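Novice: If you scroll down you'll find the structure; I have some questions about it.
The values are calculated or read from the model by the stated rules, or taken from the named source; none is laboratory data. This structure is a prediction, so every number in the text was calculated from the model and none was measured. Please note: Cβ atoms are built from the backbone with ideal geometry, for glycine as well, and neighbour counts cover all protein chains shown. With ligands, DNA and RNA removed, areas are computed over all heavy atoms of the protein, side chains included. Shrake-Rupley method; radii C 1.70, N 1.55, O 1.52, S 1.80 Å.
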Amino acid sequence: MKNRCVFCDILAGHIPAEIVYQNDDVIAFKDIHPRAPVHVLVIPKEHIPTLNDLSDSHKSLIGELFLAATTVAKLTGIDQTGYRTVFNCHKDAGQEVYHIHLHVLGGRKMSWPPG
Ligand code: AMP
Ligand code: ZN
């Protein structure tokens, strides 16, 4: 998909970001408005607007996103204390950026269910 977005601009280097980890398929950077002491976003390098746009061809990419989240958790020191991974899809879930991103949140105790 060719649509551009703020995360595509980060990928292109047009907007700065604090990159925590990346490989050929995904990149992880710090959220600009952190909701926890650790708040990192893991995104695919491919522009995919929502979870609904995933298809069978993305199966391995989905695995890469979660494996990158576990790497981020280790790199940021929250893998043993605990962390939450979240994809928001569409407006009721509060999706603001339409390029899928896996939130990795940790470093504090979190409540359940989410608000
Ligand atoms: P969501 O509400 O799930 O779409 O989450 C979008 C997230 O992207 C929010 O937590 C924002 O703070 C974050 N965000 C938006 N713009 C940037 C940016 N330029 N750099 C880093 N994080 C951003
Ligand atoms: Zn994008």
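Novice: Leaving ligands, DNA and RNA out of it, report the carbon-plus-sulfur percent of the accessible area of the chain at a 1.4 Å probe.
Specialist: C and S fraction of accessible area: 53 percent.
Novice: Excluding ligands, DNA and RNA, what is the solvent-accessible area per residue of the chain at a probe of 1.4 Å, expressed in Å²?
Specialist: Using a 1.4 Å probe on heavy atoms only, each residue of the chain averages 62 Å².
Novice: I would also like to ask the following. Run the numbers for E46 and V86: contour at 0.36 nm per residue of separation, minus the present Cα-Cα distance, in nm.
Specialist: Result: 12.5 nm gained on full extension.
Novice: Which value, in Å² rounded to 10, gives the accessible area of H33 with a 1.4 Å probe and all protein chains present?
Specialist: We get 130 Å² for H33.
Novice: Give the ranking of R35, R108 by solvent-accessible surface, highest area first, calculated with a 1.4 Å probe.
Specialist: The most accessible residue leads, giving R35, R108.
Novice: Grab the beta carbon distance between Y98 and A12, set R0 = 22 Å, and tell me the FRET efficiency rounded to 0.05.
Specialist: Taking R0 as 22 Å, the efficiency between Y98 and A12 is 0.85.
Novice: Would you calculate the separation in nanometres between label points at K30 and L54, each defined as 7 Å from the Cα along the Cα-to-beta-carbon direction?
Specialist: Result: 2.8 nm between the two label points.
Novice: Next up: Could you pull out every one of the aspartates and glutamates with an alpha carbon less than 15 Å from that of K109, ignoring same-chain neighbours closer than 8 positions?
Specialist: D79
Novice: Amide H neighbours of I27 under 5 Å, counting only residues 5+ apart in sequence or on other chains, H built in-plane at 1.01 Å?
Specialist: When sequence neighbours closer than 5 places are left aside, the close amide H contacts are I43, K45.
Novice: Less than 28 Å apart at the alpha-carbon level, and either on another chain or at least 8 residues along: which lysines does that give for K59?
Specialist: Output for K59: K2, K30, K45, K74, K91.
Novice: Turning to a different aspect of this structure: Show I15, I48 ordered by accessible area, largest first, where the area counts protein heavy atoms only and the probe is 1.4 Å.
Specialist: The residues order as I15, I48, largest area first.
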